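Shown next, in structure tokens, is the structure this report addresses.
The values are calculated or read from the model by the stated rules, or taken from the named source; none is laboratory data. Only a predicted model underlies this, so the values are computations on that prediction, with no experimental measurement involved. All Cβ positions, glycine included, derive from the backbone under ideal geometry; neighbour counts span all protein chains shown. When the accessible area is computed, the model is the full protein with side chains, heavy atoms only, and any ligands, DNA or RNA have been set aside. Shrake-Rupley method; radii C 1.70, N 1.55, O 1.52, S 1.80 Å.
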Amino acid sequence: LWDQDAFWAIPLAPPAGQSLRADRTAAAPAEPRVRRVCARAFEALAAVHAAGVVHRALNPDRIFLRDADAPLFTDFVLARITGEESIAAGGRDLDPVDAYTAPGCRVGLEFPEPASDIYGLAASLYY
């Protein structure tokens, strides 16, 4: 990304496992697995929020399932740390709005709160 003669490099390493989208597309999961994945995903999101981080852009391509269905959230490029200024204040060009974007995130990246991530996670799990 180029910004006023400054070059921003955002390194991304592919995580182990597969995305929620790839997992869901492969086959419809059994009900016990759905409950396990949902519970673990919300527990993981609670840990992210307890650390003072709001992801702001969760979707099925940013939620990976590792061994034993342990969730891993990726692409924190738009994340906001509570009480800190975000480098992604104008980051819509980094990440356009999609069907999983919470209403507050659609208005502006300065409005999202933990509830925005809950919306994105629930929409992704419903997918």
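Odds and ends about this structure:
- Any chance Ala57 is open to solvent by less than 30 Å² (accessible area, probe 1.4 Å), within 21 Å of Thr101 (Cα to Cα), modelled with pLDDT under 90 and not charged (D, E, K, R): yes
- Look at the range 14-29: where a residue is among the acidic types (Asp, Glu) and a partner is surrounded by 12 or more Cβ atoms within 10 Å (Cβ to Cβ), sitting 6+ places away or on another chain with Cβ atoms under 7 Å, you get Asp23/Leu65.
- Failed criterion for Asp93 (all others in (1) modelled with pLDDT under 90; (2) out of contact with any helix residue (DSSP H, G or I) (no Cβ under 7 Å at 6 or more places or on another chain); (3) at positive phi hold): (3)
- Residue in the range 96-127 that is least open to solvent (accessible area, probe 1.4 Å), counting only those that are under 20 Å from Ser19 (Cα atoms) and modelled with pLDDT under 80: Val97
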